[in-house]
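Asker: I have a structure here, written as structure tokens, and I will follow up with some questions on it.
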Amino acid sequence: MSSLTVTQILTSLLAIPAWIPIAVCPGYLTAWFLDLNGFRRHSVADRLMWSVPLSLALATISALLVGWFASLTAIVAVFAVGLLLWIGVVLREVIDLRRGGRRWSVGWNPGGWTVLLLAALWVVIATLSLVDFGSQGHQYLSVTMVDLGSRVNWTEAILRTGVPPVNPLYLYGHPAHLRQYYFWYVDCAAVARMWHLPVRAVFTASCAWSGFALAALISTT
């Protein structure tokens, strides 16, 4: 395995927790402050399951609007504040429970370890499917780069030119902004800017989170 492959795997794994400010915090905070469906009374497992799909929806809409009227830096600032607020809310709940001599209900049944194992397996499959492999001086690109390459390019354009991004694949006399693009790219650009991670690693991690979101939606229906 080449050093490039190892680097891509490691940065992709690092990018998975880097998505927490976008994939967990917005939905958790919204549900907690509004106490949606008795959110505060539910177990940790239930909260996380509800938070992921709700967060991805809220974060994507919010990031687009903030980026459109402000900048990518403003998007990062909003998510950073949300992360700090989320940490504060969780710490407050833990402290209140300890003072009352109670424990936080984790909601972890015997099948929970199976869920963790499947989640880890999914991370391995998603990561190894999207990285390049090298052997004996040769580098073999993942077939997904046929599609992923342009998406990474558009996301990097957001890092350089903001929202909406300038089309990096077209320049005839003057820059032309993209008018139709997936808003998921804005989330990826925000994660890359916040943690200074490679865009491709952030995209790989986002694929893992999309699987988590799907599993969360299935479990809550």
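Asker: Accessible area per residue of the chain at 1.4 Å probe, in Å²? Can you show the working numbers first?
Answerer: Details: 12530 Å² over 221 residues.
Solvent-accessible surface per residue comes out at 57 Å².
Asker: Testing the spin-label approximation: label points 7 Å from Cα along Cα→Cβ at Ala57 and Asp132. State their distance in nm.
Answerer: Here the modelled spin labels are 3.9 nm apart.
Asker: List the residues, sorted by chain then number, that are 5 or more residues from Gly134 or on another chain and whose placed amide H is less than 5 Å from its amide H.
Answerer: For Gly134, the qualifying residues are Ser2, Thr5, Tyr140.
Asker: Also, quick follow-up: Could you go through the stretch 44-56 in sequence order and give the Karplus-derived ³J(HN,Hα) for each residue, using 6.51 cos²θ - 1.76 cosθ + 1.60 with θ = phi - 60°, rounded to whole Hz, and x for Gly and Pro?
Answerer: For the stretch 44-56, the Karplus curve yields 4, 4, 5, 4, 5, 4, 6, 5, 4, x, 5, 5, 4 Hz.
Asker: In degrees from 0 to 90, rounded to the nearest 10, what is the angle of the helix 25-34 Cα long axis to the longest principal axis of the chain?
Answerer: Orientation of helix 25-34: about 40 degrees from the principal axis.
Asker: Then there is this: Collect residues whose amide H, placed 1.01 Å from N in the peptide plane, falls under 5 Å from the amide H of Asn167; neighbours closer than 5 in sequence don't count.
Answerer: Ala176, His177, Leu178
Asker: Are there any trypsin sites (Lys or Arg not before Pro) in the stretch 122-221 that are in a DSSP loop and have at most 15 other Cβ atoms within 10 Å? List them by number.
Answerer: Qualifying residues, ordered by number: Arg179.
Asker: In degrees, nearest 10, range 0 to 90: what is the angle between the Cα axis of helix 145-161 and the longest Cα principal axis of the chain?
Answerer: 80
Asker: Can I ask one more? With a point put 7 Å past each Cα toward its Cβ, work out how far Leu118 is from Asn37 in nm, to one decimal.
Answerer: Each label point is offset 7 Å from its Cα along the Cβ direction, giving 1.8 nm.
Asker: If you stretched the chain out fully between Val146 and Val81, how much longer would it get, using 0.36 nm times the residue separation minus the C-alpha to C-alpha distance?
Answerer: 19.8 nm
Asker: Given a Förster distance of 22 Å, report the FRET efficiency between Val94 and Val6 from their Cβ-Cβ distance, rounded to the nearest 0.05.
Answerer: Efficiency, from the Cβ-Cβ distance: 0.05.
Asker: From the phi of every residue in the stretch 173-178, what ³J(HN,Hα) in whole Hz does the Karplus formula 6.51 cos²θ - 1.76 cosθ + 1.60 yield, where θ is phi - 60° and glycine or proline is x?
Answerer: x, 7, x, 10, 6, 6
Asker: Could you give the length gained on full extension between Leu48 and Ile218, defined as 0.36 nm per residue of separation minus the Cα-Cα distance, in nm?
Answerer: Full-extension gain reported as 59.9 nm.
The values are calculated or read from the model by the stated rules, or taken from the named source; none is laboratory data. Quantities reported herein were computed from a predicted structural model and do not represent experimental measurements. Heads up, the Cβs are rebuilt from the backbone with ideal geometry, glycines too, and the neighbour counts pull from every protein chain shown. Remember, those area values only see protein heavy atoms, side chains included, never the ligands or the DNA or RNA. Shrake-Rupley method; radii C 1.70, N 1.55, O 1.52, S 1.80 Å.
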